[in-house]
Structures are given as C-alpha cells and as structure tokens.
Amino acid sequence: MSTVSVQAPAAGRRRWLVIACGAVFFLLLAVGGGVWYLMRPGLAAIHPQLPVAVGVAGLSGLLLLPAAVLAIVAGLAGVGLPVRLRLAAWRVLLWTFPLLVGVGRLIGTGKEEIERSFIAVSNSLLRHRNGRIPGDRIMVMLPHCLQLGECPHKITQNPGNCRQCGQCDIGRLISLAETYRVNVQVVTGGTLARRLIRQLRPLLVIAVACERDLSSGIKDVFPLPALGILNIRPQGPCLNTRVDVAAVERLLEEVVDRGRE
Ligand code: SF4
C-alpha cells in the first residue's frame with residue numbers, strides 16, 4: 001500500500017532530502033565560484049569593486065538554500081514557522097527540485113521516491129498557510145482512475161451521478177464531500193483540472209493522484225496551495241486505483257472551517 005503523503009514523511013525521506021539539498025548547495029557553490037572566478041577580470045574592468053559586490057550577492061543568494069533546508073526540517077519537526085518563511089522555503093524547494101532529481105539519480109534514489117519526498121515536504125509547508133477554510137472554497141480533486149472500471153455511471157461531468165454503491169472509493173469520498181460541504185471533482189487529466197480551478201477559484205485544493213501527477217500539479221497551481229494524497233495502485237497505474245479515505249477525512253477535519261459552512 002502506498003504511503004499517504006499528508007502524513008509526516010519518514011525519517012529516511014527527511015534525511016535524504018537534507019543530504020540532497022546539501023549536495024546541491026556544494027554543487028552550486030562550486031559552479032558559481034568557478035563562473036565568478038572566470039568573470040572576475042571582466043567585472044574588475046567595469047569597476048574595481050564589482051567582483052566583490054557580485055561575489056557577496058551570489059553567496060547571499062546561495063545561502064538561501066541551507067536556510068530553506070533548515071526551515072523545512074524545522075517545519076517537519078513541528079516547529080511553528082511564520083507563513084512567509086514557509087513559503088520562501090517552498091519556493092527554494094521548487095527552484096532546486098530539478099537539481100534534487102539529478103542528485104537523487106546520482107545517489108541511486110528513484111524519481112518516484114524524490115517526488116514522494118517533494119509532496120510530503122510541500123504538504124507540510126503549505127498545509128498551515130491559510131488556516132481553516134469554509135468547505136465551499138475547498139476543491140477535492142479526484143482522478144478518474146479511482147472509479148471502478150466497469151461502472152456505467154458518468155461521473156466526470158457530474159460526480160453526483162455516482163450511486164455510492166461501495167464498489168470503489170468514489171462513493172465514500174462523495175459522501176465525505178457532502179458531510180464537509182466541499183466541492184468534489186473527478187478529472188480525466190491536468191487540462192480539465194486547471195480549467196476547473198480557473199472557473200471555481202477555490203482557496204485550497206486537496207488532490208488525489210500518483211507521484212508524478214501530484215508533484216507536477218502542486219507546482220502548476222502555485223501560489224494556490226494544493227495538498228496531495230497519494231493514490232494506491234493494487235492493479236497497477238491508472239486502473240481501479242484506491243485511496244486511504246480515512247486520510248482524506250483526517251485532512252478535511254483539519255482544514256475545513258465547519259463553523260462557517
Ligand atoms: S461507488 Fe459510484 S463510481 Fe464507484 S462503482 Fe459505485 S456507482 Fe460507480
């Protein structure tokens with residue numbers, strides 16, 4: 001069974017992220033230092049103080065990475081952090097993500113594991129950003145593959161067509177959506193998901209999907225916060241997938257402002 005990414009990431013995943021960020025930092029330091037060294041004579045020809053100014057500015061920018069890693073680790077450890085610091089750490093994580101993937105490959109970590117780490121860390125940084133939100137401003141986005149393959153009911157246009165027969169998780173999720181009065185949508189892909197977000201303008205998205213779709217979707221919709229829950233794939237990808245419905249409920253319990261429904 002897949003891990004549910006809204007839970008705290010495992011210590012191994014956290015350790016991996018810190019090591020990868022450290023490796024990225026030293027890589028950037030080496031490349032940046034080399035470029036600065038080569039540019040030094042040209043900069044000095046413009047102004048004698050320019051090499052020092054550019055060096056200090058570049059190093060200050062680079063120090064954002066360890067600062068962001070500290071913020072991420074503190075956030076994961078449950079230390080309350082100001083929203084701005086969480087968002088700054090999230091942005092640094094986003095910028096360095098392609099490099100993290102490269103470092104992960106070098107040290108033998110698969111892309112899916114890196115994406116799981118990204119989703120877990122992103123959830124932990126974004127989940128407290130807006131506090132509680134009225135249910136009608138929250139969109140729960142479900143992938144079409146959660147629906148039983150043989151189900152005859154068309155639920156992508158209207159999830160209300162689900163008969164809640166219990167043969168797949170869609171029925172229980174729709175029942176949860178009714179309880180918490182959140183907007184639930186079943187989507188066939190990223191294009192439809194983005195269109196619905198533009199139309200319905202939620203304040204928070206809770207998305208269920210695989211590692212690849214979640215990590216790209218979270219990046220696509222930012223600055224809109226999107227919390228990801230990994231699907232479960234007992235029959236392989238994209239067919240009769242499942243989700244930990246209890247984890248979805250725990251997350252709704254945490255974020256829905258039921259006093260303002
Ligand atoms: S729960 Fe809904 S979507 Fe799933 S098989 Fe039953 S009717 Fe179809």
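Here, each number is a calculation from the coordinates, and none is a lab measurement. From a predicted model like this one, the values you see are computed outputs, not experimental measurements. Here the Cβ positions follow ideal geometry from the backbone for every residue, glycine too, while neighbour counts run over all protein chains shown.
A few points about this structure:
- Whether segment 174-261 is rounded, prolate or oblate, judged on the alpha carbon gyration tensor where a/c under 1.5 counts as rounded: oblate
- Additional length obtainable on full extension of the chain from Ala53 to Leu29, 0.36 nm per residue less Cα span: 7.0 nm
- Taking the fewest neighbouring Cβ atoms within 10 Å as the starting point, the ordered list for Trp95, Trp36 is Trp95, Trp36.
- Packing-based exposure ordering (other Cβ within 10 Å, fewest first) of Ile114, Ile232, Ile197: Ile232, Ile197, Ile114
- Listed from fewest to most Cβ neighbours within 10 Å, the set Phe222, Phe25 follows the order Phe222, Phe25.
- Extension gain, Cys165 back to Leu203 (0.36 nm per residue minus Cα-Cα distance, nm): 10.6 nm
- Once the C-beta distance of His153 and Gln235 is scaled by a Förster radius of 25 Å, the resulting FRET efficiency is 0.80 to the nearest 0.05.
- Projecting label points 7 angstrom from Cα along Cα→Cβ for His144 and Arg258 puts them 3.5 nm apart.
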